[in-house]
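A short worksheet on the structure shown next.
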Amino acid sequence: MVMSLFGCSRGETEGRRPEGAFKYYEYRSTTMREYPHEFWRLENTQENGLTLTWSKSNSDYTVLRVPEEAAQKLTGLVKEHKLYRLKSTYKPPFDVRDGTMWHVFIRYEKSSIDCSADNAWPPKALWEGVKAINAYLDSLIQASTEDDIIEVRPNR
């Protein structure tokens with residue numbers, strides 16, 4: 001599937017509520033100076049169960065073990081904020097050569113949401129949903145301890 005540089009695409013799953021088992025959520029934003037500016041990936045892995053990989057402001061990637069209920073909480077936020085309604089095109093009001101590029105990927109067994117934009121955002125209610133998920137993932141990071149760290153990978 002080819003994803004538009006300035007929009008969202010989901011093909012045959014467009015507009016569908018999450019169906020099937022949770023697979024992963026990924027959000028990343030970049031700027032001209034920071035890659036990644038923000039990065040979160042919550043996923044089920046066979047080896048470690050539910051993990052959260054994160055990085056901010058060019059930092060190394062840290063992989064944490066997180067509670068299994070985090071996937072249910074994230075799915076609840078997707079449904080509460082109706083993130084399956086994200087549209088396929090979000091274009092900036094004018095041409096900007098610098099700024100913020102962001103991506104949201106949400107995968108379930110039978111549906112997915114893939115969104116990408118450069119200096120453009122969805123309607124406020126939908127963007128608040130993305131921010132709510134990211135704030136929740138941040139709270140998991142804040143609550144983690146050294147014992148929760150699985151690995152730290154360099155940001156190359």
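Whenever a residue of the stretch 99-127 is on the phi > 0 side of the Ramachandran plot, its partners that are in a loop (DSSP other than H, G, I, E, B) and surrounded by fewer than 18 Cβ atoms within 10 Å (Cβ to Cβ), lying with C-beta atoms within less than 6 angstrom and at least six residues away or across chains, give the pairs Asn119/Pro92; Asn119/Val96; Asn119/Gly99. In the stretch 54-73, the qualifying residues are those that are among the β-branched types (Val, Ile, Thr) and touching a Leu at 6+ places or on another chain (Cβ under 8 Å), and the one that is farthest from Glu151 (Cα to Cα) is Val66.
Only residues that are in contact with a strand residue (DSSP E or B) (Cβ under 9 Å, 6 or more places away or on another chain) and not in a strand (DSSP E or B) were counted in the stretch 80-122, giving 16. Applying the condition of being out of contact with any strand residue (DSSP E or B) (no Cβ under 6 Å at 6 or more places or on another chain) and of a type in the set (S, T, N, Q) to the stretch 35-59 and asking which residue is surrounded by the fewest Cβ atoms within 10 Å (Cβ to Cβ) yields Gln46. Checking the condition of a type in the set (Asp, Glu) and more than 19 Å from Leu50 (Cβ to Cβ), which residue from Glu128, Glu146, Glu109, Glu151 passes? Answer to the check: Glu128. Answer yes or no as to whether Thr62 is closer than 19 Å to Asn155 by Cα, surrounded by 14 or more Cβ atoms within 10 Å (Cβ to Cβ) and in contact with a Gly (Cβ under 9 Å, 6 or more places away or on another chain). When the stated conditions are applied, Thr62 does not pass them. Picking from residues in the stretch 123-146 that are assigned to a helix (DSSP H, G or I) and hydroxyl-bearing (Ser, Thr, Tyr), the one that is surrounded by the fewest Cβ atoms within 10 Å (Cβ to Cβ) is Ser139. Selection of strands (runs of 3 or more DSSP E) fully inside the stretch 14-79 by the criterion of at least 1 residues being under 25 Å from Leu126 (Cβ atoms) and in contact with a helix residue (DSSP H, G or I) (Cβ under 7 Å, 6 or more places away or on another chain) returns 22-30, 38-45, 49-56.
Being more than 13 Å from the chain's Cα centre (by Cα), charged (D, E, K, R) and farther than 23 Å from Lys87 by Cβ narrows it down to one of Asp147, Asp118, so name that one.
Values: Asp118 fails: farther than 23 Å from Lys87 by Cβ.
When all the criteria are applied, what remains is Asp147.
For every residue, the table says whether it meets (1) of a type in the set (A, V, I, L, M, F, W, C); (2) within 23 Å of Glu128 (Cβ to Cβ).
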site	(1), (2)
Arg41	no, yes
Leu50	yes, no
Thr53	no, no
Lys56	no, yes
Arg65	no, no
Thr75	no, yes
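Each value in this text was obtained by applying a stated rule to the coordinates, not by laboratory testing. This one's a predicted model, so the numbers in the text were calculated from it and none came from an experiment. In this analysis, Cβ positions are derived from the backbone assuming ideal geometry, glycine residues included, and neighbour counts consider all displayed protein chains.
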